[in-house]
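Visitor: Shown below is the structure under consideration.
The values are calculated or read from the model by the stated rules, or taken from the named source; none is laboratory data. Treat the numbers as computed from the prediction; the structure is a model and nothing was measured. Heads up, the Cβs are rebuilt from the backbone with ideal geometry, glycines too, and the neighbour counts pull from every protein chain shown. What goes into the accessible areas is simple: the full protein's heavy atoms, side chains included, and nothing from ligands, DNA or RNA. Shrake-Rupley method; radii C 1.70, N 1.55, O 1.52, S 1.80 Å.
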Amino acid sequence: MFQSRIEAAPAVSDRPWRLPARCLLVLVLALSAWSFALYAGPQPIVVTPREEITDGALYKAIAARVAHGESYYVAAPAEHRARNFPLRPAVTVRPPLLAEVTAVVGGPIVMGWLLRLTALATFLAFVMRFSATVEGPRTRMAAIVLAALSIYVLTPIELALYHDIWAGMLVALALALRRPGHWAASIVVATVAVILRELVAPLMIVMIFSALIERRWKEAAAWTAALTLAGAVLAVHWMRVAALPNTEHMVSPGWYRALGWPWVVHTYSMTSLLAFLPTAIGVALVPVAMLGWATVERSLALRVSLWTIGMACLFMVFGRTENYYWGALVAPILPIGLAFAPGALARLWKQAR
């Protein structure tokens, strides 16, 4: 009797990943379809603000004053007041690094060429990474081409004073440089990115978490030390801004908006190579690109996926409509995932059947 019950029992599936694969496939396709539907109709006309009130004009004016010998903490508040930009809370004032470097090197034009050199270094780092880890010549070439285009579209000289552009480029470089057993250069680049733009701090957390998962204790400790250092530098900056007099009336309206997934695909697509496609198609490809990244070399896939998904979760809760440029933090790397997406979808389909 006992033997007959064993024989009658349902067999354990030899495909334990079938259900997760089906769920993930449905999720990606549903998000893609939803994104397409959100932007399939006529889009409202966006009025471009006058040059003198844009963020870029603010950064340019601050850098010019610093170049003429003013302290950053004199120049920045003065320009914020002149242009009716908030000074409270302290995070509304960008850290001084970019303005001070611009003043030292000689202005926006030179910074534009430095941005292009950084972009070239980022591209070459990805070429070396993909050449060593991506199987299949077609996939490898597609990834290299998409990397070139994704990075190139962020290199116009007029973007060289935007903190988010620089931070996004340095994030991409840090991710490309980090390899098992070789992470010192990545830590240096990422630390500069965080000091440049505090929104990059989650990257450090991603790196620490990933190192802990892989039981790389020394690397996790190094990333923790780097995050502590960057946090200390930013804390000094915020204290100096908070100590500025007569700023009580210049308060930001805040960033909690909970705009959800539509805001994520908007920021991710409109600041990246995907912006050159019809809007509905560009936003529909965002979840597909995110899926593609999840199937590359394990250490890179873990870190890029945690970064893109983590920032998506952050953007679903925080960000006003005028903060779309935050998407530049993921723009250099996100479209590259499309090179790996066909293989990822094929493997998911095979697992789900």
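Visitor: Which pairs have Cβ atoms under 8 Å, sit 6 or more apart or on different chains, and link a residue in segment 64-89 that is within 22 Å of I109 (Cβ to Cβ) and open to solvent by less than 60 Å² (accessible area, probe 1.4 Å) to one that is among the charged types (D, E, K, R) and in a helix (DSSP H, G or I)?
Guide: V66/E100; Y72/E100; A75/R65; E79/R65
Visitor: In the set G56, G41, which member is at pLDDT below 95, of a type in the set (G, A, S) and either under 20 Å from V241 (Cα atoms) or part of a helix (DSSP H, G or I) (or both)?
Guide: Details: G41 fails: either under 20 Å from V241 (Cα atoms) or part of a helix (DSSP H, G or I) (or both).
Only one candidate qualifies: G56.
Visitor: Conditions first: (1) modelled with pLDDT of 95 or more; (2) closer than 23 Å to A167 by Cβ. A284 passes all but one, so which condition is the exception?
Guide: With respect to (1) modelled with pLDDT of 95 or more; (2) closer than 23 Å to A167 by Cβ, A284 is out only on (2).
Visitor: Pairs, please: C-beta under 6 Å, at least 6 apart or cross-chain, first residue part of a loop (DSSP other than H, G, I, E, B) and in segment 137-166, second open to solvent by 50 Å² or more (accessible area, probe 1.4 Å) and not β-branched (V, I, T)?
Guide: Pairs that qualify, where the first residue is part of a loop (DSSP other than H, G, I, E, B) and the partner is open to solvent by 50 Å² or more (accessible area, probe 1.4 Å) and not β-branched (V, I, T), are T155/R116; L161/K60.
Visitor: Consider segment 186-203. How many of its residues are in contact with a Lys or Arg (Cβ under 9 Å, 6 or more places away or on another chain) and of a type in the set (G, A, S)?
Guide: Of the residues in that region, 2 qualify.
Visitor: Let me ask something else. Can you tell me how many residues within segment 235-262 are modelled with pLDDT under 95 and among the charged types (D, E, K, R)?
Guide: Count: 2.
Visitor: Does V251 fit the bill of being farther than 17 Å from V171 by Cα and surrounded by 12 or more Cβ atoms within 10 Å (Cβ to Cβ)?
Guide: Values: farther than 17 Å from V171 by Cα: yes; surrounded by 12 or more Cβ atoms within 10 Å (Cβ to Cβ): yes.
Taking the combined requirement at face value, the residue satisfies it.
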